[in-house]
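Structure first, then comments.
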Amino acid sequence: MTSNVSGIHHVTAICGDPQRNLDFYAGLLGMRLVKRTVNYDDPHTYHFYYGDGDGTPGSIVTFFPWPGRHAGRVGTKQIAVTSIAVPPGALGFWVERLIRHGVPFQGPTKRVVGRDVERVLSLRDPDGMMVELVGHDGAAARPAWDGAPNVPAEHATRGLHSVTLWVEHHEPTERVLVDTLGLRAVAEEEGTRRYAAGDGGPGTLVNVRAVGGFLDGLGGVGTVHHVAFRAGDDATELALRQQVVADGLHPTPVLDRSYFHSVYFEEPGGVLFELATDGPGFATDEPRERLGTSLQLPARYEPMRAELEAALPEIHVEHFIGAMDGAIGGQRSALAEHRSAHGEIVDAADVDLDAEARGA
């Protein structure tokens, strides 16, 4: 019997300054820092995990902070865009929040992919990684982190929406997604093909764009390292690994990442894929209410704790407040300018600016 992945488990990327990364993802975007640990292959480097309140598979974006490393270049053989789901009615809130904190963005623009009608805000994180906030009707049914200051639960992010791969040609990557991992093709728009797993909602979608003639991507700060797919339990992961081998690819052995078990392989288009189990989860070494508040180490690095804590950059694990850039009148002016350029945004665009400035 063929085993299939059920969606995206997480996306892992490379950033520069760790505090700046925390301020953006945990602060501005209001995601929960669910785990602060180290890169298991390079323990002098942090590994940050952001997600919903529990770190549910499909909600997770992770980063290796490498201060001072070279910037990457987006191109073929890479995940170019990481898309995060929000309820459609939350887009007005996010427009105003991005303007308030001086984050450039484009949109919201309407995107129709097959049966999906989406409203998209496109932006870059502080290291230049391409990020989208995608308003999708299916987002509201997914869990949200309700503990971020100034991000009401009804507007909070709802985990991953999709990833967009850039490859030279569609077909080799399509064979792996469909024949090996069990996704199905659902739409094609202007050179981008969309594939879906499971129920086809947010967190199950992979877009593959053929960009023949582009330079290959260069790994480094501001680029995505890999995407992980949900393999369910250990038995499903082993069955999927056997399918990867049978299709002529070369997976790693199963690796214990403490919070899930992993298998890695490179698909023919050059993108690094991972298979990850749903369990054991992030509450294995600290209680849910304390997730992300202290450095957690695997047993093999615990004897090095003092050395690692001294070597790792100091960070402050509190949410981003950010200086208000200009007076409220200036914020209103910037918002009016954006509305003038883009027309009516969404019903929720009339959020009280004065209320958020007061911390309401």
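In the set (1) assigned to a loop (DSSP other than H, G, I, E, B); (2) surrounded by fewer than 21 Cβ atoms within 10 Å (Cβ to Cβ); (3) within 14 Å of the chain's Cα centre (by Cα), Leu123 fails one condition alone, (1). Checking each residue in region 295-328 for being surrounded by 10 or more Cβ atoms within 10 Å (Cβ to Cβ), at pLDDT 95 or above and among the small types (Gly, Ala, Ser) picks out only Ala311. The numbered conditions (1) in a helix (DSSP H, G or I); (2) without any contact (Cβ under 8 Å) to a residue 40 or more places away in the chain are all true for Glu237 except (2). Could you give every pair whose Cβ atoms fall below 6 Å, whose first residue belongs to region 93-116 and is in contact (Cβ under 8 Å) with a residue 40 or more places away in the chain and surrounded by fewer than 21 Cβ atoms within 10 Å (Cβ to Cβ), and whose second residue is among the acidic types (Asp, Glu) and not in a strand (DSSP E or B), counting only separations of at least 6 or pairs across chains? From region 93-116, the pairs are Gly102/Asp325. The listed residues are Val245, Val271, and the only one of them that is among the hydrophobic types (A, V, I, L, M, F, W, C), more than 30 Å from Leu22 (Cα to Cα) and out of contact with any helix residue (DSSP H, G or I) (no Cβ under 6 Å at 6 or more places or on another chain) turns out to be Val245.
Scanning region 27-84 for residues that are within 23 Å of Phe265 (Cα to Cα) and among the aliphatic types (A, V, I, L, M) returns Val38, Ile60, Val61, Val74, Ile79, Ala80, Val81. Checking region 184-191 against the condition returns a match, with at least one residue being of a type outside the set (D, E, K, R), surrounded by fewer than 17 Cβ atoms within 10 Å (Cβ to Cβ), out of contact with any helix residue (DSSP H, G or I) (no Cβ under 6 Å at 6 or more places or on another chain) and modelled with pLDDT under 95.
If you go through region 208-253 and keep only what is surrounded by 15 or more Cβ atoms within 10 Å (Cβ to Cβ) and of a type in the set (Val, Ile, Thr), you end up with Val208, Val211, Val221, Thr223, Val224, Val227, Thr236, Val244. Yes or no: Ser162 surrounded by fewer than 20 Cβ atoms within 10 Å (Cβ to Cβ) and among the hydroxyl-bearing types (Ser, Thr, Tyr)? For Ser162, the condition - surrounded by fewer than 20 Cβ atoms within 10 Å (Cβ to Cβ) and among the hydroxyl-bearing types (Ser, Thr, Tyr) - is not met.
The values are calculated or read from the model by the stated rules, or taken from the named source; none is laboratory data. None of these values were measured; they are calculated from a predicted model. Neighbour counts are summed over all protein chains in view; Cβ atoms, including those assigned to glycine, are modelled from backbone coordinates with ideal geometry.
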